[in-house]
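**Q** Sending over a structure as structure tokens; questions will come in a sec.
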Amino acid sequence: MVEPTSSRQSDIVPQGFHPDSFHKCLSPDDFPAPSPLPLAYTCSVSGIEMVMRVKGLEQLVLRSGSVFAQSGVYQQCGGIGWTGPTTCVSGAVCTELNDYYFQCLPGTAAPPPPTSVPPTSVPPTSAPTTSAPSTSPPPSQTSVANISPEWAAAYTKAKAAVSKLSVTDKVNLGTGIQWQKGACVGNTPAISSIPGFGGLCLEDSPTGVRYADKVSAFPAEINVATTFNRTLMRQRGAAMGAEFKGKGVHVALGPMMNLMRVPQAGRNWEGGGGDPFLSGELAFETITGIQSSGVQACAKHYINNEQEHFRDSSSSIVDDRTVSDVGCLLEHELYAHPFLRSVQANVASVMCSYNQINGSFSCENDKTLNGILKGEFGFQGYVMSDWWATHSGAPAVNAGLDMTMPGDTAANSGQTYFGQNLVSAVQSGQVAEARLDDLATRILAAWYLLKQDSGFPAVNFNAWNSAQGSHIDVQADHANVIRAIDQQSNVLLKNKNAVLPLKSLKSIAVIGNGATNSSRGPNGYSDRSGDDGVLAMGWGSGTVDFPYLIAPVDAITAKAKKTGTAVTSSLSDTDLTGAANAASGKDAALVFITADSGEGYITVEGNAGDRNDLNAWHGGNALVEKVASVNKNTIVVINSVGPILVEAWIDHPNVTALIWSGLPGQEAGNGVADVLFGDFNPSGKLPFTFAKSQSDYSAQLITSGSGIVPIPYNEGLFIDYRHFDAAGIAPRFEFGFGLSYTTFDYSDLTITGSTKGGTRQPIGAGAALDPWLHDPVVTVSFTLTNNGTVAGAEAPQLYLSPPASAKSAPNNLKGFDSVFLNPGQSTTVSFDLSRYSFATWDVVSQSWQLPAGTTGVSVGASSRDVRLTGSVTN
């Protein structure tokens, strides 16, 4: 067969490619007998280059338009709403995984299910009724290269413990005790035969300890990314870890690292923005911080879970820019990179997502779990499901799932895919006992890795009953790091005539509901599901209860009182007359506008998780325009989950300044007031792109469909600034942009080192951690000078421009720092680059390779503000 080089998940043909084109690439004369067939070759048809892999000519399967004659291995072949082919290629059988999804799995017709499962444990009708598909078992720990000594020591303890466990005990390690049956959002049972193991408490969220009191409400990850400051990233992680441990939580369910592929996506604020490198560094530092406190971190949501609409009934079609191994470039170079950095940080656990990837549910996707995560990345911890994202027992376990959360098949169903069903699957041979040992060892090893077997506090709160627990105050001095992040995450986007910082003003007007306190109090809306008052976090499971919340109007009023500045306010978004009256005649008018989003299980003001559009909420544009019509010094502050459209007023002559303040957590008002009044010099940089039009973004939200809804990643590698650069689209504010109250000079670029030479490890399990890839080999240095009059920090950024042969984005972030300088002070800044920094994923060899040619090196203040350039030849 001749087919596009593909993973086991899909056979993909480029859009607009006609099946007849295959014949232009291949004819019998191309391979005359007795010549052997090549393993792969390249041909070009209508400008589309195809890497072809030969598998036996008689099995050729073609697709015309969007209709397949047969479904390939791991492709969908039936289910409610399915209109495609219902037969599979030779060597695969169409298997019902649930009512909505039948999949072509390797092998022949499966035998009937075992009859030994007790009636009380029979799974629901949606559970698989076939034996487990052929999968690639996770590599044994001894076969994985580049295991850290910390994991090796933990495995020694875990293996000794697992060798003494019964099959039931091993299964119980990975089986949640079901929804709301324990004190935490996720719980596993105690195992009496393991000394000190009282079960695991798993608790949200990426902003703090959810459903608990006397905890801190930290800034959202999107704000932390905006600081471009690794020190603050780690300090926040350590503070969060200390609070989770103080409450007795073993596993903190974060950080989140899905990329901002679609700017409207509801949970973008929980992650680090639109760039994989920045998101990866945020993940690495956050995990290192959390686990330094003795708490297991959980990297989520693995993988391609980039929108809320249809998150549990969609398939992310991770296509590629040529006919090649489906999604490998995307997965490796974009979406999987933050997870690789998480593995490098020794992350204890990874949470698989609700969606499918190329036709297989994430939590039973052999390619992504066994192939990439546990295979290439050499991940030593365990994979847990997102809550109710498990769809089977034996097939999921064989494909790499280790723990099902919260344990039941649906809320309060009383049934589980694991438990006795998994015991029976092991006893009947559907799951090898060696795989069960691997599952148990991974979970216990993570427990030992964080030294939770000795002196770890007991759970002392109850997520479902606030009257229970010890109500221990775990906040310590964490308000200090929260305020520091708030200060450094305010991004100054416009400052006409240096109107900021505010000085020598007699009067200020504060306008907008986003400047004040919520009418219900800071925790008045369940899971923060209301845009009422200052917006300091989005909504959903990624939230936490505020211990307090500082409103901007209160912080501004306190500072103005010290300078004798009068403050007038109009704290409504819709009372335009009141806003105009308050702003008229004032020395400055501060207008606060918002845009909210969150998790899809809650709809807020008609927004079902994802935002309906990129406009400011509550008529924010009209509010700004009204104030600007009466005040010549209108300063706008945006609290939002991501970019919004500002074209309606950004060029208005009376709009003199703009700050993006994001989702700052409990110190919201103090952080922005510190910047407005000049107590802190802004240094934040955008971790995403502000566009001039929603259509300028390469990926759009999909809001309609039925059955398993495809989410095509047709934009390939080109998301956020990569797309704007490649397509020549002018943004309103580019990725990495942010102004300061001072100025910085870049000079004296030097580049030393080479990517050549060295000895790399053979391709195999753990090869993605090969020191040959990651050891520094090139150093880029330059001089940074504060040539202004105000002390402050600059966040210099390094971008690489691969040779044309790599077919990569024009610019790719590969280095950043946050450097504080006093006026007139200079320092040498150095970025170390590894071969991995220069490498691209090669779909034929299934490995990282260095593209031949010259790679451009750019250093500057943003993705488009380039100050210094050089090059490296690979």
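**Q** Is there any pair with a first residue in region 339-352 that is within 9 Å of residue 377 (Cβ to Cβ) and part of a helix (DSSP H, G or I) and a second that is β-branched (Val, Ile, Thr) and open to solvent by 10 Å² or more (accessible area, probe 1.4 Å) whose Cβ atoms are under 7 Å apart and which are 6 or more apart or on different chains, and what are they?
**A** Partner pairs satisfying both residue conditions: none exist.
**Q** Based on this model, can you work out whether residue 681 counts as in a loop (DSSP other than H, G, I, E, B), in contact with a Phe, Trp or Tyr (Cβ under 8 Å, 6 or more places away or on another chain), open to solvent by less than 20 Å² (accessible area, probe 1.4 Å) and at pLDDT 95 or above?
**A** yes
Residue-by-condition table, conditions (1) open to solvent by 20 Å² or more (accessible area, probe 1.4 Å); (2) under 26 Å from residue 815 (Cα atoms); (3) modelled with pLDDT under 95:
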{"residue": "222", "(1), (2), (3)": "no, yes, no"}
{"residue": "238", "(1), (2), (3)": "yes, yes, no"}
{"residue": "244", "(1), (2), (3)": "no, no, no"}
{"residue": "255", "(1), (2), (3)": "no, yes, no"}
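**Q** Quick one: in region 831-872, which of the residues that are closer than 30 Å to residue 792 by Cα and of a type in the set (D, E, K, R) is surrounded by the most Cβ atoms within 10 Å (Cβ to Cβ)?
**A** This residue is 864.
**Q** Do we have residue 843 as in contact with a helix residue (DSSP H, G or I) (Cβ under 9 Å, 6 or more places away or on another chain) and within 25 Å of residue 772 (Cβ to Cβ) here?
**A** So residue 843 passes the test.
**Q** Looking only at region 699-738, filter to residues that are hydroxyl-bearing (Ser, Thr, Tyr) and either closer than 24 Å to residue 595 by Cα or touching a Phe, Trp or Tyr at 6+ places or on another chain (Cβ under 7 Å) (or both); which one of those is least open to solvent (accessible area, probe 1.4 Å)?
**A** 721
**Q** Out of 577, 563, which single residue is in contact with a helix residue (DSSP H, G or I) (Cβ under 9 Å, 6 or more places away or on another chain) and of a type outside the set (A, V, I, L, M, F, W, C)?
**A** One residue alone meets the criteria, 577.
**Q** Then there's this: Are any of the residues in region 522-536 open to solvent by 20 Å² or more (accessible area, probe 1.4 Å), touching a residue at least 24 places away in the same chain (Cβ under 8 Å), within 27 Å of residue 687 (Cβ to Cβ) and touching a helix residue (DSSP H, G or I) at 6+ places or on another chain (Cβ under 7 Å)?
**A** No, that holds for no residue.
**Q** Can you give me the number of residues within region 684-698 that are assigned to a loop (DSSP other than H, G, I, E, B) and surrounded by fewer than 24 Cβ atoms within 10 Å (Cβ to Cβ)?
**A** Result for region 684-698: 3.
**Q** Do we find a residue being hydrophobic (A, V, I, L, M, F, W, C), farther than 17 Å from residue 271 by Cβ and in a loop (DSSP other than H, G, I, E, B) anywhere in region 224-244?
**A** No - not one qualifying residue is present in region 224-244.
Yes/no per residue for (1) under 17 Å from residue 217 (Cβ atoms); (2) surrounded by fewer than 19 Cβ atoms within 10 Å (Cβ to Cβ); (3) in the same structural domain as residue 161 (by the TED database); (4) of a type outside the set (S, T, N, Q):
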| residue | (1), (2), (3), (4) |
| --- | --- |
| 429 | no, yes, yes, yes |
| 469 | no, yes, no, yes |
| 490 | no, no, no, no |
| 502 | no, no, no, yes |
| 512 | no, no, no, yes |
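**Q** When residues of region 284-308 are filtered for being in contact with an Asp or Glu (Cβ under 9 Å, 6 or more places away or on another chain) and part of a helix (DSSP H, G or I), how many remain?
**A** Summing the residues that are in contact with an Asp or Glu (Cβ under 9 Å, 6 or more places away or on another chain) and part of a helix (DSSP H, G or I) in region 284-308 gives 1.
**Q** Given the criteria in contact (Cβ under 8 Å) with a residue 12 or more places away in the chain and farther than 30 Å from residue 146 by Cα, does residue 728 qualify?
**A** In short, no.
The values are calculated or read from the model by the stated rules, or taken from the named source; none is laboratory data. The shown structure was predicted, so the numbers you read here are calculated from the model rather than taken from an experiment. Every residue, glycine among them, receives a Cβ derived from its backbone with ideal geometry; neighbour counts consider all protein chains shown. Ligands, DNA and RNA are excluded from the accessible area calculation, which covers all protein heavy atoms including side chains. Shrake-Rupley method; radii C 1.70, N 1.55, O 1.52, S 1.80 Å.
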